[in-house]
1. For the stretch 121-172, which positions are part of a loop (DSSP other than H, G, I, E, B) and in contact (Cβ under 8 Å) with a residue 24 or more places away in the chain?
2. With the structure loaded, tell me whether D104 is out of contact with any helix residue (DSSP H, G or I) (no Cβ under 9 Å at 6 or more places or on another chain) and either crowded, with 24+ Cβ neighbours inside 10 Å or of a type in the set (D, E) (or both) or whether it fails that test.
3. Go through the stretch 195-217 and count every residue that is over 30 Å from E238 (Cβ atoms) and part of a helix (DSSP H, G or I).
4. Only one of these is within 25 Å of the chain's Cα centre (by Cα), among the basic types (K, R) and either modelled with pLDDT of 95 or more or not in a helix (DSSP H, G or I) (or both): R241, R280, R223. Name it.
5. For the stretch 235-280: of the residues being closer than 30 Å to S111 by Cβ, in contact (Cβ under 8 Å) with a residue 40 or more places away in the chain and of a type in the set (V, I, T), which is most open to solvent (accessible area, probe 1.4 Å)?
6. Pick from the stretch 174-184 the residues that are touching a residue at least 24 places away in the same chain (Cβ under 8 Å), of a type outside the set (A, V, I, L, M) and not in a helix (DSSP H, G or I): which of them is surrounded by the fewest Cβ atoms within 10 Å (Cβ to Cβ)?
7. Return the residue satisfying two criteria in turn: it lies in the stretch 121-157 and is under 14 Å from the mean Cα position of the chain (by Cα) and aromatic (F, W, Y), and of such residues it is most open to solvent (accessible area, probe 1.4 Å).
8. Quick one: which of S81, S30, S37 is of a type in the set (S, T, Y) and open to solvent by 40 Å² or more (accessible area, probe 1.4 Å)?
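The values are calculated or read from the model by the stated rules, or taken from the named source; none is laboratory data. Please read all numbers here as calculations on a predicted model, not as lab measurements. So basically every Cβ, Gly included, is an ideal-geometry build from the backbone, and we count neighbours across all protein chains shown. These accessible areas exclude ligands, DNA and RNA; they are computed on the full protein's heavy atoms, side chains included. Shrake-Rupley method; radii C 1.70, N 1.55, O 1.52, S 1.80 Å.
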Amino acid sequence: MSGGSSRGGEDFRAFELSRWQRVVDRYHRSWGELTGSAGSGLLDAIGVEPGTRVLDIATGPGYVAGEASRRGARAVGVDFSAQMVGKARELFPDVEFREGDAVDLPFADGSFDRVVMNFGLLHLSDPERALREAFRVTAPGGAFGFTVWASPEEAVGFSLLSDAIMEFGEPVELPEGPDFYHYSDPDNCRASLAGAGFGETGAEVLPLRWRLGGVDELFPAYRQATVRTGALLDGQGEADREKIEQRVRETAARFADGRGGLEIPMPAIAVWGRRATKVR
């Protein structure tokens, strides 16, 4: 995951960083398989081959950089969280990982054939600036792609919780960040990519499913392995939080997989844009 900057966004960046530093292992256990699958779909969509120079921005535990490397690419991952970078190096010791900010990447112009960001955009205080920075480091003729969650009506793991919070929760003051579902609309994504300088764009839905060992794993995945959602739940009174958890458990029961676990629909959207080749 990675953060942004500017005065209005400094609080959000600090908030994101402080919480990501604390949830690394829990995130890996609860969300790793799901988000890693999305990253593989993103690589399929933009095309990664042996020898391709790949930059994975907001790499988190390194899933996409690791998969790109497995496919023979020359991959580098960058993240603003030292703990995330440490986890990525542990999981993928043969891949290069660096600390760095998505809005001020430590790479020269046009350094990479493919640039990716897997669910990182919503953790930035200035997503549009990060898209411009991704454009800068993408080589002419190269491509940039990112993933975001589909709407909560489709990505049911989010509506399970948000409906319960609407019913039992109280408002919690958090640093202001980007609209969580703005980029769930592919048209918004394409407009942002065009605004950053990318030409030809495309999008596809990745039909993911979130598999958990049982309902007991669900609420801790929200509270202990996320940033904004976890902070929102931490800010509830104990009685309200217990009601929220109970409602989540009740509504999630319909996603039982028949083997003691859960299988929750969590589609994502993979979006990409191509940088034009230089005119000679």
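1. First pass over the stretch 121-172, keeping only residues part of a loop (DSSP other than H, G, I, E, B): 124-126, 150-155, 169-172.
Within the stretch 121-172, L124, S125, D126, A150, S151, P152, E154, A155, G169, E170, V172 qualify.
2. On the way: out of contact with any helix residue (DSSP H, G or I) (no Cβ under 9 Å at 6 or more places or on another chain): no; either crowded, with 24+ Cβ neighbours inside 10 Å or of a type in the set (D, E) (or both): yes.
So D104 fails the test.
3. Taking the stretch 195-217 and keeping what is over 30 Å from E238 (Cβ atoms), we get 195-209.
Subsequent filtering for residues that are part of a helix (DSSP H, G or I) retains 195-196.
The number of residues fulfilling the criteria is 2.
4. Details: R241 fails: within 25 Å of the chain's Cα centre (by Cα); R280 fails: within 25 Å of the chain's Cα centre (by Cα).
Of the residues listed, the single one that is within 25 Å of the chain's Cα centre (by Cα), among the basic types (K, R) and either modelled with pLDDT of 95 or more or not in a helix (DSSP H, G or I) (or both) is R223.
5. First pass over the stretch 235-280, keeping only residues closer than 30 Å to S111 by Cβ: 268-280.
This time we only want the ones that are in contact (Cβ under 8 Å) with a residue 40 or more places away in the chain, so: 268-278.
With the extra rule that they be of a type in the set (V, I, T), the set shrinks to 269, 271, 277.
Values: I269: 9, V271: 0, T277: 98 Å².
Restricting to residues being closer than 30 Å to S111 by Cβ, in contact (Cβ under 8 Å) with a residue 40 or more places away in the chain and of a type in the set (V, I, T), the top hit is T277.
6. First, pick out the residues of the stretch 174-184 that are touching a residue at least 24 places away in the same chain (Cβ under 8 Å): 174-178, 180-181, 183-184.
Narrowing the set further to residues that are of a type outside the set (A, V, I, L, M) leaves 175-178, 180-181, 183-184.
Then drop every residue that is not not in a helix (DSSP H, G or I), which leaves 175-178, 180-181.
On the way: P175: 16, E176: 12, G177: 21, P178: 18, F180: 15, Y181: 17.
Checked the stretch 174-184; the qualifying residue surrounded by the fewest Cβ atoms within 10 Å (Cβ to Cβ) is E176.
7. Result: W149.
8. On the way: S81 fails: open to solvent by 40 Å² or more (accessible area, probe 1.4 Å); S30 fails: open to solvent by 40 Å² or more (accessible area, probe 1.4 Å).
Among S81, S30, S37, only S37 is of a type in the set (S, T, Y) and open to solvent by 40 Å² or more (accessible area, probe 1.4 Å).
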